[in-house]
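Computed from the coordinates by the stated procedures, all read-outs in this text should not be read as laboratory data. Just so you know, these numbers come straight off a predicted model, no measurement behind them. For neighbour counting, all protein chains shown are included, and Cβ atoms are generated from backbone atoms with ideal geometry for every residue, glycine included.
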Amino acid sequence: MLDVVSGGVERTDKGRAHRAGLEHLTDHKTPQENIELDDRLFEAAIVGEITKFARIWTNQQCLVVPANWRKKSKFVEASTLSCERGWPVCTRSSGGSCVPHGEGVVNLSLLRVTKAKEFTPHDAYTEICGIIIQVLQRHHICGSTGFVPDSFCDGAYNVSVKGKKYAGTAQRRRALTERTISLAHASIFLSPPPEAIPAVQQFLSDLGENETVRSETHHWIGENRDRFRISEEVFCKTLTAHLRANNWPD
């Protein structure tokens, strides 16, 4: 499992940490623990220990949904069935819908602590989508943002290629008296297994959600799947270099 804190973490005098100490925090064994590391770092930002970080990471195979979905009446039943199919269900603190993690999916998490009202939700989404689009450009792939109907977890801040979904984004924020903490994360779908889409659709159906997900709306399925494919190793290397070149702390 790849888990890199790209460019390190910028900490205040109150909570300095060497790179090795931070990497120790990423040594988790379950998909849920990998997801919750973002929340632990978010909480560290609330108490003033962290002001900025970028995390590039992968996860074991699972489906990830907003934590408030636990309140849905069929959640336990649908989650049990999904787990039996090889897709355990995990929860995250941000909103949206169901997203697959696992092979061929790279996750990017960006946290900033700024002055109150200085960095808007739109700014955070624009930043993380812009980074992904610029990395794709380095590999001669043209990306854009916008809705991709019938893709999973659809939204205005998808990154798409030729009208097909390439990455999805979500965000968690906390407004304090003088500061705003913004954590934006993206799941970048380089080459997930084809069964990821049916796994999402079946879980949503078992949950009773009126949401249709079609395989052909995602770039890694169909005639162009090889044309836009980048290996995880190459993509992460380019992404890390881009973050460091754009003043993420080292």
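Observations on the model:
- Taking max minus min of the alpha-carbon positions on each principal axis, region 3-245 gives extents of 49, 44, 33 Å, largest first.
- More than 24 Å apart - percent of Cα-Cα pairs taken over region 51-184: 36 percent
- Projected label points at Cys83 and Ser205, each 7 Å from Cα along the beta carbon direction, are separated by 2.2 nanometres.
- Residues in region 42-77 that a label on Ala175 would reach, taking backbone N under 19 Å of a point 7 Å out along Cα→Cβ: 46-47
- Residues Arg172, Arg214, sorted so that the one with the fewest Cβ neighbours within 10 Å comes first: Arg214, Arg172
- Summing +1 for each Lys or Arg and -1 for each Asp or Glu among the other residues whose beta-carbon sits under 15 angstrom from that of Ser93 gives +3.
- Among Ile128, Ile46, a tally of other beta-carbon atoms within 10 Å of each Cβ gives an order, fewest to most, of Ile46, Ile128.
- Pairs of lysine residues in region 3-245 - Cα separation under 20 Å, sequence separation of 8 or more or cross-chain: 4
- Converting phi to 3J(HN,Hα) with the Karplus coefficients 6.51, -1.76 and 1.60 and the offset θ = phi - 60°, region 147-162 yields 5, 10, x, 6, 8, 6, 6, 5, x, 5, 10, 5, 9, 10, 10, 6 Hz in sequence order, with x at every glycine or proline.
- Kirkwood Rh and Cα Rg combined as Rg over Rh, evaluated for region 139-248: 1.02
- Region 99-111 - phi-based ³J(HN,Hα) in whole Hz, Karplus 6.51/-1.76/1.60, Gly and Pro as x: 9, x, 10, x, 4, x, 10, 10, 10, 10, 10, 10, 10
- Distance between the 7 Å Cα→Cβ label points at Glu195 and Arg138: 3.3 nm.
- Per DSSP, loop GluC sites (Glu not before Pro) in region 95-160 with at most 14 further Cβ within 10 Å: Glu118
- Listing Phe203, Phe75, Phe42 from fewest to most neighbouring C-beta atoms within 10 Å gives Phe75, Phe42, Phe203.
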